[in-house]
Each structure stands twice: as structure tokens, then as C-alpha cells.
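Asker: What follows is a single structure, and I will ask about it in a moment.
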Amino acid sequence: MQGSVRDFLEKTQRNLYSDQTCRIRISDLDGYEHLSFTLRKDTDLNKFNNVFDQDMLDAGIHDVWDCADEEDYTIFIIAEIEL
């Protein structure tokens with residue numbers, strides 16, 4: 001898969017309806033989850049301010065899969081980074 005986590009999330013965000021949300025869970029290559037949040041149409045990824053958040057968002061994508069249930073839709077991302 002090509003592109004950064006940020007590119008993927010921005011594309012996903014553009015496809016959301018104004019009231020639609022999507023749960024995002026981002027892990028590094030070691031399987032440690034660094035980011036878990038609800039993506040909305042107006043989520044500003046640049047405002048994430050944990051010391052590793054922007055590094056995770058700028059990393060490449062190793063793998064992506066999704067899961068939907070009655071309550072929500074979740075996208076799992078493994079970033080090409082070890083933190």
C-alpha cells in the first residue's frame with residue numbers, strides 16, 4: 001500500500017458524510033497501538049499533539065483492514081514505524 005497514514009485518513013475523511021464517523025486505531029509494526037480516535041468530517045489531524053502522533057500520521061502504511069458492527073465502523077492501520 002502506498003502513501004502515508006495521513007493521506008489515507010484524509011481520503012477517508014473526504015468520503016464521510018457530515019454526520020458520519022469512523023473509529024480509527026493505529027498501531028506500529030510491533031503491534032503497539034499509539035492512536036485511537038473517532039474520525040469526523042471536521043477532525044483536524046494537525047492538532048494531534050502527542051509527541052509521536054505526527055510521526056505516526058506521516059509514516060507509510062504497512063497494512064489496513066476494517067470491521068463493522070451494529071455500533072460503529074472501525075479501520076485498523078499498521079503504520080510502517082516502530083516507536
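The values are calculated or read from the model by the stated rules, or taken from the named source; none is laboratory data. Just so you know, these numbers come straight off a predicted model, no measurement behind them. Virtual Cβ from ideal backbone geometry, glycine too; neighbours counted across all protein chains shown.
Asker: Is it the case, given these coordinates, that T38 is closer than 15 Å to Q13 by Cβ and not in a loop (DSSP other than H, G, I, E, B)?
Answerer: Yes: the conditions hold for T38.
Asker: Is it the case, given these coordinates, that L39 is surrounded by 14 or more Cβ atoms within 10 Å (Cβ to Cβ), touching a residue at least 24 places away in the same chain (Cβ under 8 Å) and within 18 Å of I78 (Cβ to Cβ)?
Answerer: Answer is yes for this residue.
Every residue, every condition in (1) assigned to a helix (DSSP H, G or I); (2) within 23 Å of L83 (Cα to Cα), yes or no:
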{"position": "R6", "(1), (2)": "yes, yes"}
{"position": "L9", "(1), (2)": "yes, yes"}
{"position": "D30", "(1), (2)": "no, yes"}
{"position": "D42", "(1), (2)": "no, no"}
{"position": "N46", "(1), (2)": "yes, yes"}
{"position": "V51", "(1), (2)": "no, yes"}
{"position": "Q54", "(1), (2)": "yes, yes"}
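Asker: Could you tell me how many of the residues in the range 42-53 are more than 16 Å from I78 (Cα to Cα) and surrounded by 12 or more Cβ atoms within 10 Å (Cβ to Cβ)?
Answerer: Summing the residues that are more than 16 Å from I78 (Cα to Cα) and surrounded by 12 or more Cβ atoms within 10 Å (Cβ to Cβ) in the range 42-53 gives 3.
Asker: Next question, about the same structure. For R25, only one of the following conditions fails: (1) surrounded by fewer than 17 Cβ atoms within 10 Å (Cβ to Cβ); (2) more than 9 Å from the chain's Cα centre (by Cα); (3) over 10 Å from A79 (Cα atoms). What is its number?
Answerer: The single condition R25 does not satisfy is (2).
Asker: Let me ask you something else. Quick check on my filter: what residues within the range 56-75 are surrounded by fewer than 16 Cβ atoms within 10 Å (Cβ to Cβ) and assigned to a strand (DSSP E or B)?
Answerer: Once the filter is applied, which keeps residues that are surrounded by fewer than 16 Cβ atoms within 10 Å (Cβ to Cβ) and assigned to a strand (DSSP E or B), the range 56-75 yields G60, H62, D63, V64, W65, D66, C67, A68, Y73.
Asker: Next question. Give me the pairs: first residue in the range 66-79 and closer than 17 Å to D19 by Cα, second residue among the hydrophobic types (A, V, I, L, M, F, W, C) and in a strand (DSSP E or B), beta-carbon distance under 9 Å, and six or more apart or on different chains, which are they?
Answerer: D72/C22; Y73/C22; Y73/C67; T74/C22; T74/I24; T74/C67; T74/A68
Asker: Specify which of the listed residues (S18, S4) is at pLDDT 95 or above and either under 10 Å from the mean Cα position of the chain (by Cα) or not charged (D, E, K, R) (or both).
Answerer: On inspection, the qualifying residue turns out to be S4.
Asker: Another question, then. For H62, are the conditions met, namely being modelled with pLDDT under 95 and out of contact with any His (no Cβ under 6 Å at 6 or more places or on another chain)?
Answerer: no
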